[in-house]
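In what follows, a single structure is set out as structure tokens and then discussed.
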Amino acid sequence: MTYVSVRRDDSIWWVGLDRSAKHNALDQAMVDELDAVLAEARREPAILIIHSTTPGIFVAGADIAELRQRGADAALLAINAGLFERLEAHRWPTIALIDGPALGGGCELALACDFRIASSNAVFAQPELSLGILAGAGANWRLPQLVGIGTARRMLYTGARLAAEDALAAGLVDEVAEDLPAHGQALAATIAKRSWRALELTKLALRSRRPATTAFDVTAQALLFDSDDKYGRMTAFLERRS
């Protein structure tokens, strides 16, 4: 089963997420496929546009059924956190097109991109604490960088959801548009006119401002992954969904 597709338009790579039956929830297979795309895309100048192949959805988070079974050892592998670190470290700019809920790991995936363009269907939330874990794949530091500490606390502590226009006002997204492919294409085409080497070096310069919190997130997540509270909360979540 292939969950990630790539369509190349010169230096623009359209990276399509295609696990619609699970609302593109990230499981190990999807992570592995995205990792393979990132490894290939580093070889030559490539602007990545991350999008769903199914209208009305983006990424509903991590796959809870799989996440429930992961213990401390799995948490220390930093499966999603590592993927988003590598996405953020892509040599050239990346764009997320969000046409639906970006929840938990889905929001963190979008946060790891350089730009976020949302449709009016988009909604953003970090519900991890209700599942007995923390937002350990980047939201603890990427989110406050974008929206400020107050809004980040509200989203992380209470699970508050931001609709597209609220996300725009908060600085979480760069633009709200209904024709996401057209706007993504236009932004990527503008970027592609720049010097590739200058783009790469500018990304490196901007990344030098990032805090070093990933190690703490991974360690804290390992502690939570082995808790009975996490297992019970995720079981209750899956039972409600079924």
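Tell me yes or no: at least one residue of region 69-84 is out of contact with any helix residue (DSSP H, G or I) (no Cβ under 8 Å at 6 or more places or on another chain), at pLDDT 90 or above, assigned to a helix (DSSP H, G or I) and under 22 Å from THR214 (Cβ atoms). Scanning region 69-84 turns up at least one residue that is out of contact with any helix residue (DSSP H, G or I) (no Cβ under 8 Å at 6 or more places or on another chain), at pLDDT 90 or above, assigned to a helix (DSSP H, G or I) and under 22 Å from THR214 (Cβ atoms). Among the residues here, ARG91 qualifies as assigned to a loop (DSSP other than H, G, I, E, B), out of contact with any strand residue (DSSP E or B) (no Cβ under 8 Å at 6 or more places or on another chain) and surrounded by 15 or more Cβ atoms within 10 Å (Cβ to Cβ). Checked against (1) assigned to a helix (DSSP H, G or I); (2) at pLDDT below 95, GLY106 passes all but a single condition, namely (2). Among residues belonging to region 26-50 that are in contact (Cβ under 8 Å) with a residue 40 or more places away in the chain and part of a loop (DSSP other than H, G, I, E, B), point out the one that is farthest from the chain's Cα centre (by Cα). Ranking the qualifying residues of region 26-50, first place goes to PRO45. Restricting attention to region 1-30, the residues that are at pLDDT below 95 and of a type in the set (Val, Ile, Thr) add up to 1. Determine whether region 180-188 contains at least one residue that is loosely packed, with under 12 Cβ neighbours inside 10 Å, aliphatic (A, V, I, L, M) and modelled with pLDDT of 95 or more. Yes, region 180-188 contains a residue that is loosely packed, with under 12 Cβ neighbours inside 10 Å, aliphatic (A, V, I, L, M) and modelled with pLDDT of 95 or more.
For ARG194, the requirement of being without any contact (Cβ under 8 Å) to a residue 12 or more places away in the chain and surrounded by fewer than 18 Cβ atoms within 10 Å (Cβ to Cβ) is met.
Working only within region 74-88, note down all residues that are surrounded by fewer than 19 Cβ atoms within 10 Å (Cβ to Cβ), in contact (Cβ under 8 Å) with a residue 24 or more places away in the chain and closer than 13 Å to GLN221 by Cβ.
ALA74, LEU76
When ALA160 is tested against (1) among the small types (Gly, Ala, Ser); (2) farther than 26 Å from SER208 by Cβ; (3) buried (at least 24 other Cβ atoms within 10 Å of the Cβ); (4) touching a helix residue (DSSP H, G or I) at 6+ places or on another chain (Cβ under 6 Å), just one condition goes unmet, and that condition is (3). ILE149 falls short on exactly one of the conditions (1) surrounded by fewer than 24 Cβ atoms within 10 Å (Cβ to Cβ); (2) in contact (Cβ under 8 Å) with a residue 60 or more places away in the chain, and that condition is (2). Here region 51-66 is the region considered, the condition is being assigned to a helix (DSSP H, G or I) and not charged (D, E, K, R), and the residue that is surrounded by the fewest Cβ atoms within 10 Å (Cβ to Cβ) is ALA65. SER11 meets all of the listed conditions (1) without any contact (Cβ under 8 Å) to a residue 60 or more places away in the chain; (2) surrounded by fewer than 20 Cβ atoms within 10 Å (Cβ to Cβ); (3) of a type outside the set (Phe, Trp, Tyr); (4) farther than 25 Å from THR214 by Cα but one, namely (1).
Looking only at region 95-103, decide whether some residue is surrounded by fewer than 20 Cβ atoms within 10 Å (Cβ to Cβ), among the acidic types (Asp, Glu) and within 16 Å of the chain's Cα centre (by Cα). There is no residue in region 95-103 that is surrounded by fewer than 20 Cβ atoms within 10 Å (Cβ to Cβ), among the acidic types (Asp, Glu) and within 16 Å of the chain's Cα centre (by Cα).
For ALA160, the requirement of being closer than 17 Å to GLY61 by Cβ, modelled with pLDDT of 95 or more and of a type in the set (Gly, Ala, Ser) is met.
The values are calculated or read from the model by the stated rules, or taken from the named source; none is laboratory data. Keep in mind that what you see is a predicted model, and the values were worked out from it rather than measured. Here Cβ is always computed from backbone atoms with ideal geometry, including for glycine, and neighbour counts include all displayed protein chains.
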